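Enquirer: Below you will find the structure I want to go over with you.
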Amino acid sequence: MKNYDVVVVGAGPGGSIAAMEAANRGLKTIFFERGRRPGEKNSSGCGLGPRMWTDFRFMKELTPEVCPSMRAGAASRSYFVNKQGVVAGYVMARPTESVSYEPAKSFITMNVYRSDFDPWLAAFATKAGAELKTSTLVTGLLRENDRVVGIIDEHGEKYRGLVIGADGVVSMVARQSGLRMRWDQDHVTLVPQYDFAVDPQRIDDIMGDETLAVWWSALFPAAYQVFFHDGFHLGLGNWMTWWDKNPLYYLDQVVKLDYFQRLVRVLDARPREYHAHLLPWLGSPGNTHTDNVILVGDAGGFPCPLEAEGIYPAMITGRAAAEVAADAISSSDTSKEFLDLYDRKWQQTSIGEEFKTGPELARIWRALPFSPKETMSWFVPMIMEILGGILDWSQPHAVRVRQVMRHVKLYLPQAVPFIMRNVLPLLEKILGERMDMLTSPEKLIASMPELQEAIASAFEEKEERA
Amino acid sequence: MRADIDSLVTRIAGSSDFIKLDSTKCNMCGRCLVVCTMGLWKKKGKKAYIADDYKSRCVECGACYQVCEADAIDFHYPSGGKGVVYERG
Ligand SMILES: Cc1cc2nc3c(=O)[nH]c(=O)nc-3n(C[C@H](O)[C@H](O)[C@H](O)COP(=O)(O)OP(=O)(O)OC[C@H]3O[C@@H](n4cnc5c(N)ncnc54)[C@H](O)[C@@H]3O)c2cc1C
């Protein structure tokens, strides 16, 4: 038996930050990774969110010299794909005027391969004095008098200490500590993705800095495309409840789009790797700790409820766990009751703020981009009617405006219930009482027919005269 | 792409077994057959089973374990240093 203050399972972003912060607080710390090096088991989109630069000062040391795959995702494209598989339109956007700090003004995400990023991050932990054991699978939790006291690895080696479960979405620590056997099927997504190789110069020339894309579609759940120095990822996901056939079928629907194929040809992109990974995606994390055990990152269910950004939350919760571990150890009390402090800690962070509207955010994502047949099938043509309908020479422009309005009106029976069910509850949660007027379904329903009537008569009458 | 998916995955051989099916618990719901992107789960008559060569084709996502509400599939990761390697995850 080897004695430590803190034993961390996993050397992803959550584990490495937990280990670094624990070691920085003078705790004797070890962290374990089943891969030969951190990162080689992990797959992500993978964009790093700018909040990482404000909360972790060492992030400014992330440069192409230490992380060759880096490419800033400065601007993003949203492609809108209709039921016929046609890109009906797209919008390009960069950080807007209201974005308040650098580097968020310069990029939406910083894109890196996990095989570069994770080892770089882990090195901060080892520099701080934490011991890293790679190529080692942690297979179980060690118990004494029915209480978890440490872990046991695949070679039967035992390590005593407060256990931080940073072992990702299929967490052995969660399972064996009794915190969770498996996720509810609608609390976790499956995300297959391809990596394509592309010559860096071609990416510069063809994409410029438009190096992020979302493919919103009526044929498949929203897909993402993220460009790195010499390649890109194309992936998509959905909750386990959603899949009706092999998820690769849907990913290949993106690949087959004429528009995507043209992009592949001009970029001379070649498929290079395939990954599949689970990703927790839920409205509110629960069961985050028990006696002598704390779960961080994916193991605890912390990815952002709207877009499932998970690296920053893993790092923030890793830090919170280490702070609580230090307090618990110095108070000689690692009971569940003491560790309740962990929930209070992460709830006070930027991640806690995100989860205040967690259920509403998760619901809107589920109802919109992850419901291609039910929602995107009308949402895409409706949006494109509005965005693209006016720039058209088929009629005098005033007639076109009326045609567009009438056409958009056709989607109201779907759009209005959608807004009432999914958008207004979110606005109400965010804006509070000021939303009272708008968010009363009764008031809205009551006024809807009149509103529709008014729109209809206004346009139809004039149409006849036109 | 699906046809040549195996050629897009690198692996280090030599892991001990890491997926086990308890046929007595399996209720043939068929979810593992749907979500395994590598198509490693099959059924014969009224029994589900996993391909004999799963160790050299699995990408370790754990989806089969996750969807098995009958708790018939036991999954843990392969031995340390073995299994799938993502060079560009
Ligand atoms: C396809 C996809 C795209 C994503 N895109 C993004 C994105 O663009 N941006 C973003 O911020 N987030 C993204 N996420 C989410 C993000 O990847 C995760 O939230 C994040 O990696 C969680 O970090 P973690 O440290 O908690 O867990 P992980 O990164 O999963 O790390 C866990 C580590 O523990 C190791 N491990 C597990 N079990 C054991 C064991 N028993 N013994 C030893 N070692 C073990 C694993 O090998 C792994 O290295 C994406 C996720 C997926 C699946």
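Enquirer: I want to check the label-to-label distance for A:ARG202 and A:LEU387. Put each point 7 Å from Cα in the C-beta direction and report it in nm to one decimal.
Expert: So the label points at A:ARG202 and A:LEU387 sit 2.6 nm apart.
Enquirer: Once you have all Cα-Cα distances for region A:198-266, histogram them in 5 Å bins from zero and send the whole-percent values.
Expert: 4, 15, 27, 23, 15, 10, 5, 2, 0
Enquirer: Would you mind computing, in nm to one decimal, how far apart the modelled labels at A:LYS83 and A:MET1 are, each placed 7 Å from Cα along Cα→Cβ?
Expert: 6.6 nm
Enquirer: Once R0 is set to 35 Å, what does the formula 1/(1 + (r/R0)^6) return for the Cβ-Cβ distance between B:ALA3 and A:HIS155, expressed as a FRET efficiency to the nearest 0.05?
Expert: Efficiency for this residue pair is about 0.30.
Enquirer: Show me the GluC sites (Glu not before Pro) within region A:21-87 that DSSP assigns to loop and that have at most 10 other Cβ atoms within 10 Å of their Cβ.
Expert: A:GLU65
Enquirer: With a cut-off of 8 Å between alpha carbons and a minimum separation of six or more residues, what is the relative contact order of region A:2-105 in percent?
Expert: 17 percent
Enquirer: I'd like the distance separating the alpha-carbon centroids of region A:336-360 and region A:70-131, in whole Å.
Expert: 25 Å
Enquirer: Additional query: Can you compute the modelled spin-label distance between A:TYR249 and A:GLU61, with each label point 7 Å from Cα toward Cβ, in nm?
Expert: Inter-label distance under the simple model: 4.9 nm.
Enquirer: So what's region A:248-375 giving for Cα Rg divided by 2.2 N^0.38 Å, two decimals?
Expert: Ratio of Rg to 2.2 N^0.38 Å for region A:248-375: 1.42.
Enquirer: Hey, another quick one. Which residues of region B:36-58 bury at least 10 Å² of accessible area once all protein chains are present, versus their chain alone (1.4 Å probe)?
Expert: Hits at the 10 Å² cut-off: B:THR37.
Enquirer: List the extent of the Cα atoms of the protein assembly as shown along each of their three principal axes, largest first, rounded to whole Å.
Expert: Sorted from largest, the Cα extents of the protein assembly as shown read 89, 53, 53 Å.
Enquirer: On to the next question. Only bridges whose two residues both fall in chain A count here: according to DSSP, what percent of them are antiparallel, nearest 5?
Expert: Bridges in chain A that DSSP calls antiparallel: roughly 70 percent.
Enquirer: Using the C-alpha atoms of region A:149-226, what convex hull volume per residue, in cubic angstrom, is computed?
Expert: With only Cα atoms used, region A:149-226 gives 194 Å³ per residue.
Enquirer: What accessible area, summed over both chains, is buried at the B-A interface (1.4 Å probe, Å², nearest 100)?
Expert: So the buried area, both faces added, is about 3800 Å².
Enquirer: Translational diffusion coefficient, Stokes-Einstein: compute it for region A:99-206 using the Kirkwood radius over C-alpha pairs as Rh, at 10 °C and 1.306 mPa s, and state it as an integer in µm² s⁻¹.
Expert: After rounding, the answer is 87 µm²/s.
Enquirer: Now a separate question. Could you pull out the trypsin sites (Lys or Arg not before Pro) across region A:221-310 that fall in loop regions by DSSP (anything but H, G, I, E, B) with no more than 16 other Cβ atoms inside 10 Å?
Expert: A:LYS245
Enquirer: A:GLY150's amide H: which non-local residues (gap 5+, or another chain) put their own amide H closer than 5 Å, with H modeled 1.01 Å from N in plane and none for Pro or chain starts?
Expert: A:LEU142, A:GLY161
Enquirer: For a Förster distance of 56 Å, can you work out the FRET efficiency between the beta-carbons of B:LYS47 and A:ARG400, rounded to the nearest 0.05?
Expert: Efficiency for this residue pair is about 0.35.
Enquirer: With a 1.4 Å probe on protein heavy atoms only, tell me which residues of region A:39-54 lose at least 40 Å² of accessible surface in the complex relative to the chain by itself.
Expert: Buried by the other chains: A:GLU40, A:LYS41.
Enquirer: What is the average number of partner chain Cβ atoms found within 10 Å of a Cβ in A:265-276?
Expert: 4
Enquirer: Quick one: pull the percent of accessible area on the protein assembly as shown belonging to carbon and sulfur, 1.4 Å probe, ligands and nucleic acids left out.
Expert: 52 percent
Enquirer: Could you tell me the relative contact order of chain A? Use alpha-carbon pairs under 8 Å, at least six residues apart, and round to a whole percent.
Expert: Relative contact order for chain A comes out at 18 percent.
Enquirer: Got a sec to turn the phi values of region B:13-18 into Karplus ³J(HN,Hα) couplings, 6.51 cos²θ - 1.76 cosθ + 1.60 with θ = phi - 60°, whole Hz, x for Gly and Pro?
Expert: 6, x, 6, 6, 4, 9
Enquirer: Another question about this same structure. Can you list the residues of region A:171-210 that have at least 20 square angstrom less accessible area with all protein chains present than in their chain by itself, probe 1.4 Å?
Expert: By number: A:ARG175, A:MET181, A:ARG182, A:GLN185, A:LEU190, A:TYR194.
Enquirer: Considering the alpha-carbon set of chain B alone, what are its Rg and its Dmax in angstrom?
Expert: 13.2, 40
Enquirer: With unit charges on the beta carbons (Lys and Arg positive, Asp and Glu negative) and the dipole taken about the Cα centre of the protein assembly as shown, which residue among B:ALA72, A:ILE151, A:GLY35 sits farthest to the positive side?
Expert: Checked the options; the winner is B:ALA72.
Enquirer: Quick one: accessible area per residue over chain A, 1.4 Å probe, rounded to a whole number of Å²?
Expert: 42 Å²
Enquirer: Put A:VAL416, A:VAL7 in order of accessible area, largest first, 1.4 Å probe: what do you get?
Expert: Correct descending sequence by accessible area is A:VAL416, A:VAL7.
Enquirer: Select from A:GLN403, A:PRO303, A:VAL191 the residue farthest towards the positive end of the dipole of chain A; place +1 on Cβ of Lys and Arg, -1 on Cβ of Asp and Glu, and compute about the Cα centre.
Expert: A:VAL191
The values are calculated or read from the model by the stated rules, or taken from the named source; none is laboratory data. Since this is a predicted model, take the numbers as computed values, not measurements. Heads up, the Cβs are rebuilt from the backbone with ideal geometry, glycines too, and the neighbour counts pull from every protein chain shown. Side chains included, ligands, DNA and RNA excluded: accessible areas come from the protein's heavy atoms. Shrake-Rupley method; radii C 1.70, N 1.55, O 1.52, S 1.80 Å.
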